[in-house]
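Comments concern the structure below.
The values are calculated or read from the model by the stated rules, or taken from the named source; none is laboratory data. Given the structure is predicted, the values throughout are model-derived calculations rather than measurements. Note that each Cβ is placed from the backbone with ideal geometry, even for glycine, and that neighbours are counted across all protein chains shown. When the accessible area is computed, the model is the full protein with side chains, heavy atoms only, and any ligands, DNA or RNA have been set aside. Shrake-Rupley method; radii C 1.70, N 1.55, O 1.52, S 1.80 Å.
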Amino acid sequence: MSDKMKVILDCDTGSDDAVAIMTAILSPRIELLGVTTVAGNKEINFTTDNTLRVVDMLRSKVPVYRGCAESMVAKLLPSRHGSYSGMTGVTQDKLDEKGEVISYHHDRLPMPDPVSREQPEHAVWWLIDTLMKSDGDITLIPTGPLTNIGMAIRLEPRICKKIKQIIFMGGGFKVFNATSASEFNIWADPEAAQIVLTSGVPVTMVPLDATHQANFTREDEAELRAMNTPLATAVADLVDERIVAYNAYQPQELHDSAPIHDALCVAYLLDPEVLQDVRFMRVDVDISGGFADGATLCDTRAYPDRPRNCHVALGADRLRFSRMIIDLIRTFR
Ligand code: BDR
Ligand code: CA
């Protein structure tokens, strides 16, 4: 019997999702059962294509399942997503010195076109099937809007007893990006996030407060570039792109650096010490459609009126995180 940790990743790939997938594939301690895709950073066609690109680049046979193209409910009301300004608070794109739009994620990751194909089954059905047949030993790591997981729980609530734990990237305690009160993944599908948080499954939330303390720097980029392998160069390019975008739209406390949000969830599974100041709290999502739509409300009171349901990470160990990722990338030739 294998003593590897069984994992399913659910991603809106995306540059930082890409690094999360790489980390899971490269770690000898993880058995990655599949990657499900969801719309978020980009439309579902792009997030699925990008996921296949990453899997192919690593010569992996991990199956990829296409999931939901729209949030569960949020998009039904134009007013709810109308004020979104592209995760920055900036209403107009900025241009780089070549006159190109500065962006966190391009439609297609800078990797060869995928040769492998997505599986014929829908991600949500595959998730339900796989979890129901499991021994309750699978960790879910969602790194995009929680639509697929919310849908799966609604369709087959018995999966909740079968999920070992959910470690998701999303939410904010004091740090936000989509609006003044919300983080992108939760804002994109607040109802799905609330379903996950009230599911009874052990949940760890890795919010912006933690991921903005786990940034990659120019030194990290240089170390990757010096490896001179196609994978390391691709990751160095992604890091560069993200630093340029963060400098333009969300300058970080650590000068000239950028978070690789999603990879922190996988890193946490491999080494819990990468997260710091993890507190067990009551967390609910605002689904009211008001100014705080998609906010993760963390109850810090000594006596919350609803049971605590979520471990929330408020910090991270940057060097521990970047060292783990860089060392894993070095193992692939
Ligand atoms: C989250 O939003 C996406 O852009 C990133 O991939 C990450 O999952 C950060 O708010
Ligand atoms: Ca993501």
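Side notes on the structure shown:
- Whole-percent P(r), segment 271-333, all Cα pairs, 5 Å bins from 0: 4, 15, 16, 14, 14, 12, 10, 8, 5, 2, 0.
- Within segment 103-246, the ratio Rg/Rh, alpha carbon atoms throughout and Rh by Kirkwood, equals 1.02.
- Packing-based order for 70-76, 9-15, 191-197, using average beta carbon neighbours within 10 Å, highest first: 9-15, 191-197, 70-76
- Legend: residue pairs Lys75/Lys164; Lys42/Lys98; Lys61/Lys133; Lys75/Lys133; Lys6/Lys75; Lys4/Lys133, Cα-Cα distance threshold 26 Å; pairs beyond threshold, Lys75/Lys164; Lys75/Lys133; Lys6/Lys75.
- Measuring nothing but alpha carbons in segment 20-76 and taking Rh as the Kirkwood radius, the Rg to Rh ratio lands at 1.04.
- Amide H contacts under 5 Å for Gly34, placed H, 5+ residues apart: Leu9
- Accessible surface of the chain, 1.4 Å probe, proportion on carbon and sulfur as whole %: 53
- Its relative contact order, with pairs defined as Cα atoms under 8 Å and 6+ residues apart, puts the chain at 20 percent.
- Helix-only mean residue ellipticity at 222 nm for the chain, each DSSP H run of n ≥ 4 adding -39500 (n - 2.57), per residue, nearest 500: -10500 deg cm²/dmol
- Within the chain, percent of DSSP bridges classed antiparallel, to nearest 5: 35
- Shape index of segment 229-291: Rg/Rh, with Rg the Cα radius of gyration and Rh the Kirkwood radius from the inverse mean 1/r over Cα pairs, equals 1.09.
- Listed by chain and number, the aspartates and glutamates placed with their C-alpha closer than 16 angstrom to that of Lys161 are Asp129, Asp135, Asp137; residues fewer than eight positions away on the same chain are left out.
- Dimensionless Rg ratio for the chain, taking C-alpha atoms and the 2.2 N^0.38 Å reference: 0.92
- Hz values of 3J(HN,Hα) by residue in segment 195-208 - Karplus curve (6.51, -1.76, 1.60), Gly and Pro given as x: 4, 5, 5, 9, 7, x, 6, x, 10, 10, 9, 10, x, 4
- Whether segment 206-333 is rounded, prolate or oblate, judged on the alpha carbon gyration tensor where a/c under 1.5 counts as rounded: prolate
- Cα-Cα separations in segment 166-229 greater than 18 Å, expressed as whole percent: 49
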